[in-house]
Amino acid sequence: MLKKLLITRPIAAPVLVQAKAIFDVTVHAGGKLSVTQAAQALAQFDAILPTLGDGFTADAFVGEIRCKMIGNFGVGYNHIDVDAAAKAGVIVSNTPDVLTDATADIALTLLLATARRAGEGERFVRSGKWGGFDGGGIMGTHVTGKTLGVIGMGRIGHAIAARCHYGFGMDVVFHNRSPKVVPVPARQLDGLHDVMAAADFVVVATPGGAGTTKLIDAAALAAMKPTGIFINISRGEVVDEDALIAALETRQIAGAGLDVYENEPHVPSRLLALESCVLLPHLGSATQETRQAMAQMALDNIIAWADGGDPPQRVN
Ligand code: GLV
């Protein structure tokens with residue numbers, strides 16, 4: 001009998017075709033799984049291919065568990081309690097590497113758009129109020145030659161540092177929990193606040209989860225330059241969103257470019273009201289090529305498990 005696989009969101013067609021040839025596949029059509037739905041899925045399916053927002057918290061793993069393998073679609077897996085999964089005998093894998101470039105590109109999109117006030121400019125053109133080239137007008141801040149501060153120097157942090165250093169001649173400083181030697185000219189500074197204070201542009205690229213929740217708090221934001229621009233492409237929970245909004249409203253910092261939010265898809269109205277922010281709907285990995293590669297990697301891990309092997313991107 002074919003193993004039962006639940007895919008919790010639509011995935012690239014060729015990967016779905018491959019999955020259907022190997023497994024008895026159900027594609028969940030109702031958006032993200034609640035904790036109750038996640039628990040039901042764990043009781044009913046042999047394997048699950050979930051993604052960000054699905055409720056695989058510790059509470060989902062307390063009942064009957066049929067599932068042996070969760071092949072997560074996404075590098076971040078803070079929506080899955082991997083320790084609870086391990087205790088319940090469930091292997092978890094993720095999709096690193098394949099989304100590094102796409103996510104670094106979205107960081108640069110936000111950095112440039114925020115520095116050059118592209119969101120405001122776009123809204124201005126669409127409003128029909130633009131009166132032609134203006135020597136004053138919507139004035140941004142220069143990017144080339146400035147200092148980048150990376151918070152979390154993992155794969156995505158490296159890729160952002162390389163783009164900024166080699167593409168824009170930027171000096172790179174960074175904060176990382178452990179000492180790190182990187183293949184891009186970059187200096188690791190002693191503390192988080194040292195990086196926040198030195199940088200013209202701060203980009204957060206840490207993983208989510210308990211170890212980084214509200215790492216960027218009011219005190220960290222207060223260390224930034226008043227001209228500083230803050231970018232987050234990691235997880236919303238890494239930043240104290242209220243503190244960020246307060247720092248922007250009081251012009252303690254100059255702007256922010258955000259791809260992620262504390263309670264997605266909720267974006268606070270105070271944030272929406274701020275012209276100094278560029279706001280994207282979690283597009284980090286959202287290119288067709290990357291999303292297909294992520295789906296393929298998630299499925300390949302599930303296939304490896306089904307064949308009796310160790311999934312190559314296992315995380316628990
Ligand atoms: C996207 O945010 C991911 O974790 O893959």
Give the residue, chosen from A84, A41, A47, that is under 24 Å from D310 (Cβ atoms), in contact (Cβ under 8 Å) with a residue 60 or more places away in the chain and touching a strand residue (DSSP E or B) at 6+ places or on another chain (Cβ under 9 Å). A47
Give the residues of region 219-266 that are within 16 Å of the ligand (Cβ to nearest atom) and part of a loop (DSSP other than H, G, I, E, B), sorted by residue number. I233, S234, R235, D259, V260, Y261, E262, E264, P265
Within the set of pairs 6 or more residues apart or between chains, which connect a residue that is free of Cβ contacts under 8 Å to residues at least 40 places away in the same chain inside region 279-292 to a residue that is more than 12 Å from the ligand (Cβ to nearest atom) and among the β-branched types (V, I, T) with Cβ atoms less than 9 Å apart? P281/V267
If you scan region 14-53, which residues turn out to be within 16 Å of the ligand (Cβ to nearest atom) and either basic (K, R) or on the phi > 0 side of the Ramachandran plot (or both)? K32, G53
Any idea which residue in region 54-89 is farthest from the ligand (Cβ to nearest atom), counting only those that are open to solvent by 10 Å² or more (accessible area, probe 1.4 Å) and of a type in the set (D, E)? E64
Top-ranked residue of region 206-216 - restricted to ones that are assigned to a loop (DSSP other than H, G, I, E, B) and open to solvent by less than 60 Å² (accessible area, probe 1.4 Å), ranked as farthest from I253 (Cα to Cα): G209
Tell me yes or no: at least one residue of region 42-60 is closer than 23 Å to V204 by Cα, hydrophobic (A, V, I, L, M, F, W, C), out of contact with any Cys (no Cβ under 7 Å at 6 or more places or on another chain) and modelled with pLDDT of 95 or more. yes
Filter result for the condition that a residue is farther than 18 Å from D81 by Cβ and open to solvent by 70 Å² or more (accessible area, probe 1.4 Å), over A19, A29: A29
Do you know which residues across region 271-316 are away from the ligand (no atom under 14 Å from the Cβ), of a type in the set (G, A, S) and assigned to a helix (DSSP H, G or I)? A304, A306
Within region 157-170, track down each residue that is open to solvent by less than 30 Å² (accessible area, probe 1.4 Å) and within 15 Å of V75 (Cβ to Cβ). G157, A159, I160
Filter result (within 12 Å of V90 (Cβ to Cβ) and open to solvent by less than 10 Å² (accessible area, probe 1.4 Å)) within region 35-53: A38, A41, L42, A47, I48, P50
Of (1) within 16 Å of the ligand (Cβ to nearest atom); (2) in a loop (DSSP other than H, G, I, E, B), A104 fails just (2)
Of all residues making up region 91-111, the number that are touching a strand residue (DSSP E or B) at 6+ places or on another chain (Cβ under 9 Å) and either under 16 Å from F73 (Cα atoms) or open to solvent by 40 Å² or more (accessible area, probe 1.4 Å) (or both): 6
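The values are calculated or read from the model by the stated rules, or taken from the named source; none is laboratory data. Note that the structure is a prediction, hence the values are computed from the model and not measured. Positions of Cβ are generated from backbone atoms using ideal geometry, with glycine treated the same way; all protein chains shown enter the neighbour counts. Accessible surface is based on the protein model in full, side chains and every heavy atom, while ligands, DNA and RNA are left aside. Shrake-Rupley method; radii C 1.70, N 1.55, O 1.52, S 1.80 Å.
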